[in-house]
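Student: Below is one structure. I have some questions about it.
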Amino acid sequence: MAGNKNSGGHNRKGTQFHVLNGTFRPDRHADQDAPEPPQGIPVPPKALTADAKAEWDRMVKRLEESKTLTVVDDAALYQYVNLFAETEQIKADAIQARTLSKDLKKLASKLDGHELVEAIGKIVQLHQMIAKNVVQLRQGHMAIRQYLVEFGMTPSARGRVKVPKRPRPNVDKVKERFFGSGQRA
């Protein structure tokens with residue numbers, strides 16, 4: 001079925017999906033030609049940081065085990081792992097800023113006058129940076145979730161990913177084998 005105004009696009013199912021689910025109709029689906037991307041391990045288009053490389057290796061292993069990895073996943077996987085690494089860095093920066101803020105508050109209690117005003121200004125700047133980090137982390141987590149859905153790595157997305165384990169047996173041949181060719185099923 002095609003998408004509606006709220007779905008964000010067409011939600012057509014490919015020919016292989018219809019064949020596997022027994023919903024293939026030649027009058028509707030015979031002319032569809034869904035691309036079959038080549039299976040295999042993609043190569044990162046550029047060098048990756050340590051966090052990004054570790055996530056690349058982890059995701060490639062998971063997608064291989066799920067039998068959904070293709071060579072053409074390289075660009076999306078590259079963007080995902082870089083986003084993951086950036087989010088991890090934002091998290092580390094936020095932790096460092098919170099620690100620094102606590103240390104500055106302890107030191108500020110011993111100050112007075114101009115030095116106290118300056119320390120309070122620095123503490124306020126750190127809290128503004130922490131608030132910005134919280135927003136960036138939330139946005140990063142939402143974007144990561146979208147990539148995970150695209151790769152079929154969330155519980156709800158896994159239900160939509162169809163990977164054929166083996167061809168389905170021909171129902172007529174199975175009936176014939178068990179009931180004979182001249183008998184009613």
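Student: State whether one or more residues within region 116-129 are of a type in the set (Lys, Arg), over 15 Å from Glu88 (Cβ atoms) and more than 27 Å from the chain's Cα centre (by Cα).
Tutor: Step one: list which residues in region 116-129 are of a type in the set (Lys, Arg), which gives 122.
Pick out the ones that are also over 15 Å from Glu88 (Cβ atoms) and you get 122.
Filter once more, keeping what is more than 27 Å from the chain's Cα centre (by Cα): 122.
Yes, the conditions are met somewhere in region 116-129.
Student: Next question. What do you reckon, is Asp74 out of contact with any Asp or Glu (no Cβ under 6 Å at 6 or more places or on another chain), acidic (Asp, Glu) and either surrounded by 17 or more Cβ atoms within 10 Å (Cβ to Cβ) or at pLDDT below 90 (or both)?
Tutor: Working: out of contact with any Asp or Glu (no Cβ under 6 Å at 6 or more places or on another chain): yes; acidic (Asp, Glu): yes; either surrounded by 17 or more Cβ atoms within 10 Å (Cβ to Cβ) or at pLDDT below 90 (or both): no.
Taking the combined requirement at face value, the residue does not satisfy it.
Student: Kindly indicate whether Ala30 is farther than 20 Å from Gln146 by Cα, of a type in the set (A, V, I, L, M) and either modelled with pLDDT under 90 or surrounded by fewer than 16 Cβ atoms within 10 Å (Cβ to Cβ) (or both).
Tutor: On the way: farther than 20 Å from Gln146 by Cα: yes; of a type in the set (A, V, I, L, M): yes; either modelled with pLDDT under 90 or surrounded by fewer than 16 Cβ atoms within 10 Å (Cβ to Cβ) (or both): yes.
Answer is yes for this residue.
Student: Can you tell me which residues in region 104-128 are within 30 Å of Asn82 (Cβ to Cβ) and either out of contact with any Ser or Thr (no Cβ under 9 Å at 6 or more places or on another chain) or in contact (Cβ under 8 Å) with a residue 40 or more places away in the chain (or both)?
Tutor: Residues of region 104-128 that are within 30 Å of Asn82 (Cβ to Cβ), as a first pass: 125-128.
Gln125, Gln128, listed by residue number.
Residue by residue, here is whether (1) loosely packed, with under 14 Cβ neighbours inside 10 Å; (2) closer than 30 Å to Glu55 by Cα; (3) aliphatic (A, V, I, L, M); (4) modelled with pLDDT under 95 holds:
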{"residue": "Asp93", "(1), (2), (3), (4)": "no, yes, no, yes"}
{"residue": "Leu100", "(1), (2), (3), (4)": "no, yes, yes, yes"}
{"residue": "Lys105", "(1), (2), (3), (4)": "yes, no, no, yes"}
{"residue": "Asp112", "(1), (2), (3), (4)": "yes, no, no, yes"}
{"residue": "Tyr147", "(1), (2), (3), (4)": "no, yes, no, yes"}
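Student: Separate question: Where residues in region 51-90 are free of Cβ contacts under 8 Å to residues at least 24 places away in the same chain and not β-branched (Val, Ile, Thr), which of them is nearest to Pro37 (Cα to Cα)? It would help to see each step written out before you state the result.
Tutor: Residues of region 51-90 that are free of Cβ contacts under 8 Å to residues at least 24 places away in the same chain, as a first pass: 54, 57-58, 60-61, 64-65.
Filter once more, so that each one left must be not β-branched (Val, Ile, Thr): 54, 57-58, 61, 64-65.
Details: Ala54: 25, Asp57: 20, Arg58: 21, Lys61: 18, Glu64: 14, Glu65: 17 Å.
Among those that are free of Cβ contacts under 8 Å to residues at least 24 places away in the same chain and not β-branched (Val, Ile, Thr), it is Glu64.
The values are calculated or read from the model by the stated rules, or taken from the named source; none is laboratory data. Worth saying up front: this structure is predicted, and the values here are computed from it rather than measured. Neighbour counts are summed over all protein chains in view; Cβ atoms, including those assigned to glycine, are modelled from backbone coordinates with ideal geometry.
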